[in-house]
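A short worksheet on the structure shown next.
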């Protein structure tokens, strides 16, 4: 039973990492209508930026993480503005953009390899004490991850519901043409969402790397399909769906480790992904949404 | 020394022949049917691994483990590898190839690669884990008793024969009503269905054909190199095969062959000749991959059809004298 | 009395809380050019999508050619001779004009992988016949000179003609046209009308969704009026003009959709 509660605790941690990543990915999809296959590498880049601040410059982890995520704005802006959006604007076969994101993934992952090398790295975080919170046994760092994700989810919620930007985002996500016609500056909002998505990816990458303790340039890519599972579960383009998806997938993945060898626990996410696509491609949330 | 040069060129020739098989297969799956098989390299690995465990005897070295170990000869092991890749592709296709959007399909296929890769890397008993299969006997090695340095010259006709068959098949597909139905499905799946095409079945067939091609390429690779490990099939390998096809020209067999030449031989081998920096051994490879990625983006932006575009076929028409406007030579692009 | 070629009974299709088709019932006898008109939002295109198998038949029944076809996927309906065109021309863009027609000839040539490899000679024979037929059609529609051009290079009007030619190449028994005259200049409109009449005289039954009431007036009999997801009335245009219910449906029902 203790094992079970522990796994739920871990599930919350995984869900937190997933939530940050999945919400970022799904918000960007809502604006642009294509999946960014380089997203895993965005996460990896965030992790390495954090690492540079933390290990090379000696900053404590959490400030390094936040600043690293902010710094993500630069590469994301460049990539979305000069590489991705020029393709998205063209009429013609839409499949080009998926390959372009795949090519961006190739370029980004190799840039990271060239700059930081392929060896496994760790953060400078000192001792990490386990803490008993109710029935759960989690470390301080893991609590930090959960806390960060919770704060971000609340912030996203407020952004979507209380700000003009948020309303514009929801409008564009619903119907881009209609939103443009009613005077919403779709281009500017899309750019802002790209940056937001990049920063969330940076946060997610940093905490993912923290949670696995040793990471290399592949850390984001191997997690990518789990993020896909969370995004698809909740319905692509739906941020609240992504949050629910992250929670469900995170818990399922960790609890499954009680029953199967933990090397395969992420693979469970694949089963969920496939299951959802077979049964309800619009995502589970579409059952709950209007009509 | 001339022998070293011959050896090097012969090895290049083998790599080229095998890569053509890869691009020809992807050309059917992606070039003609429009399926983003982002897991493509996985099927090369399946073909390689199953061919390997078909030709290897059961492991008798402690620390090395693999399944099967059937100790069969060539070309049976190649056929087993191709069959395994095809079956694997069929199983995945049955689940994934449905009326779902292409980006969902791409996501599922990325997941397929990820999981296959992680399972084969961590499960030692399957295909010897991270170390991979080694010591795979080469075709006719024992019978011919050839000096290992000269073996490559034996392998060239083997690879060439396999490619010749697969090229002929791809060429027939390209010119056939089946190929035309694939292309229509690629252009607009709903409209193709509205005209009676069984689009799910067509796409599934195209995917499985591509997987078989990849399986053959994998089997040839492991037969030639005697080894296959997870390092050889990272996800970027799929991107590079896509790049080769896009640069060379998709939707036609000649573009696939040209792409193999340009990307696999010119770019990859070319950059391989650059001197390595001792402190940063990964820099050459990283630079090469960045170049390939940039090349794909540039090609997709300025000339998406590639160097050799999909041929605009004329049906049953003889070349009439230039005065007849309906016989204008096809413009490129 | 022969069973009508198409009968739609109490068909319902709703999505996202909108009852687009809300119990629609009418029949299309064989051999007619049947019009389907109604104000915006009446559910006409949704109904066509349901009949063509592109949308799920949620309630009610659809009978075609003597069979209950509710739940049949579009490809099965097409192979049974039920062909539809689309509101916005949807040609196979990178295929040539000729190939667009060849693709439509499902069931008349071997499109299997096995055939591609081992029955090349038989396929060549069948293909020669199909090409001859297709070029004849293209000739009639004035597109033969463009036969080897990619379909995406055609002008808007030419794409309309291609859409119709391709549909005819499929040897339909029932042809569903979704607003064939939308955005068409008068000269081309006359040409399309002539083609439709000719094809009808050669045995093709038409169900045409149309907003242009002049066209419907000239060509269609009977005419089904849809409003709010139901078939309001079936009859001739003269009857409809005289009917208060129809006139109100078009003019006075709250905000025009």
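The values are calculated or read from the model by the stated rules, or taken from the named source; none is laboratory data. Just so you know, these numbers come straight off a predicted model, no measurement behind them. Cβ: placed from backbone, ideal geometry, glycine included. Neighbour counts: every protein chain shown.
Here are a few things to note about the model shown:
- Note on the stretch B:1-13: among residues that are in contact with a helix residue (DSSP H, G or I) (Cβ under 7 Å, 6 or more places away or on another chain) and closer than 16 Å to residue B:266 by Cβ, the one that is surrounded by the most Cβ atoms within 10 Å (Cβ to Cβ) is B:13.
- Filtering the stretch B:118-152 to residues that are within 14 Å of another protein chain (Cβ to nearest Cβ) and more than 22 Å from residue B:40 (Cα to Cα) leaves B:124, B:125.
- The set of residues from the stretch A:204-227 being free of Cβ contacts under 8 Å to residues at least 60 places away in the same chain and touching a helix residue (DSSP H, G or I) at 6+ places or on another chain (Cβ under 8 Å) comprises just one member, A:225.
- Conditions (1) at pLDDT below 85; (2) part of a loop (DSSP other than H, G, I, E, B): number failed by residue B:326: (2)
- Members of the stretch C:95-109 found to be more than 22 Å from residue B:34 (Cβ to Cβ) and within 7 Å of chain B (Cβ to nearest Cβ), listed by number: C:107
- Selected residue [closer than 11 Å to residue A:23 by Cβ and either without any contact (Cβ under 8 Å) to a residue 40 or more places away in the chain or away from chain B (no Cβ under 12 Å) (or both)] from A:241, A:250: A:241
- Any chance residue C:124 is more than 8 Å from chain B (Cβ to nearest Cβ) and out of contact with any helix residue (DSSP H, G or I) (no Cβ under 6 Å at 6 or more places or on another chain): yes
- The listed residue being over 25 Å from residue C:224 (Cα atoms), in contact with a helix residue (DSSP H, G or I) (Cβ under 9 Å, 6 or more places away or on another chain) and within 12 Å of chain B (Cβ to nearest Cβ), out of C:172, C:150, C:74: C:150
- Condition met for residue B:227 (under 19 Å from residue B:23 (Cβ atoms) and either away from chain A (no Cβ under 13 Å) or in contact (Cβ under 8 Å) with a residue 60 or more places away in the chain (or both)): no
- Annotation: of all residues in the stretch B:273-309 being closer than 30 Å to residue B:172 by Cβ and either at the interface with another protein chain (Cβ under 7 Å from one of its Cβ atoms) or modelled with pLDDT under 85 (or both), the one that is surrounded by the fewest Cβ atoms within 10 Å (Cβ to Cβ) is B:304.
- Residue match in the stretch C:123-145 (condition: touching a residue at least 40 places away in the same chain (Cβ under 8 Å) and touching a strand residue (DSSP E or B) at 6+ places or on another chain (Cβ under 9 Å)): no
- Residues considered: C:88, C:82. Of these, the only one that is more than 7 Å from chain B (Cβ to nearest Cβ) and surrounded by fewer than 23 Cβ atoms within 10 Å (Cβ to Cβ) is C:88.
- Residue B:173 vs. criteria surrounded by fewer than 24 Cβ atoms within 10 Å (Cβ to Cβ) and within 14 Å of chain C (Cβ to nearest Cβ): yes
- Within the option set B:245, B:258, being away from chain A (no Cβ under 13 Å) and either modelled with pLDDT of 95 or more or in a helix (DSSP H, G or I) (or both) holds for one residue only, B:258.
- Every residue from the stretch B:187-201 that is at the interface with another protein chain (Cβ under 8 Å from one of its Cβ atoms) and out of contact with any strand residue (DSSP E or B) (no Cβ under 8 Å at 6 or more places or on another chain): B:187, B:188, B:190, B:191, B:192, B:193, B:196, B:197, B:198, B:199
- Verdict on residue B:214 being over 17 Å from residue B:269 (Cα atoms) and part of a helix (DSSP H, G or I): yes
- Taking (1) touching a residue at least 12 places away in the same chain (Cβ under 8 Å); (2) outside any strand (DSSP E or B) in turn, residue C:115 satisfies each apart from (1).
- Considering C:144, C:178, the condition of being over 23 Å from residue B:176 (Cβ atoms), touching a helix residue (DSSP H, G or I) at 6+ places or on another chain (Cβ under 6 Å) and within 10 Å of chain B (Cβ to nearest Cβ) is satisfied by C:144 alone.
- Tally of residues being assigned to a loop (DSSP other than H, G, I, E, B) and buried (at least 16 other Cβ atoms within 10 Å of the Cβ) across the stretch B:73-83: 2
- Filtered by the rule that a residue be buried (at least 24 other Cβ atoms within 10 Å of the Cβ) and closer than 20 Å to residue B:309 by Cβ, the stretch B:182-205 gives B:182, B:184, B:185, B:186.
- Count of residues meeting criterion [at the interface with chain A (Cβ under 7 Å from one of its Cβ atoms) and more than 22 Å from residue A:22 (Cα to Cα)] in the stretch B:89-117: 1
- Looking at the stretch A:55-166, the helices (runs of 4 or more DSSP H) lying wholly inside it that each contain 3 or more residues that are buried (at least 20 other Cβ atoms within 10 Å of the Cβ) and more than 13 Å from chain B (Cβ to nearest Cβ) sit at A:61-71, A:140-162.
- Residue list for the stretch B:27-72, filter: within 12 Å of another protein chain (Cβ to nearest Cβ) and buried (at least 24 other Cβ atoms within 10 Å of the Cβ): B:28, B:30, B:31, B:32, B:33, B:35, B:37, B:38, B:39, B:40
- Sole residue being free of Cβ contacts under 8 Å to residues at least 12 places away in the same chain, closer than 23 Å to residue A:86 by Cβ and surrounded by 12 or more Cβ atoms within 10 Å (Cβ to Cβ), chosen from A:180, A:201: A:180
- Verdict on residue B:270 being assigned to a helix (DSSP H, G or I), modelled with pLDDT of 95 or more, within 25 Å of residue B:156 (Cβ to Cβ) and more than 13 Å from chain A (Cβ to nearest Cβ): no
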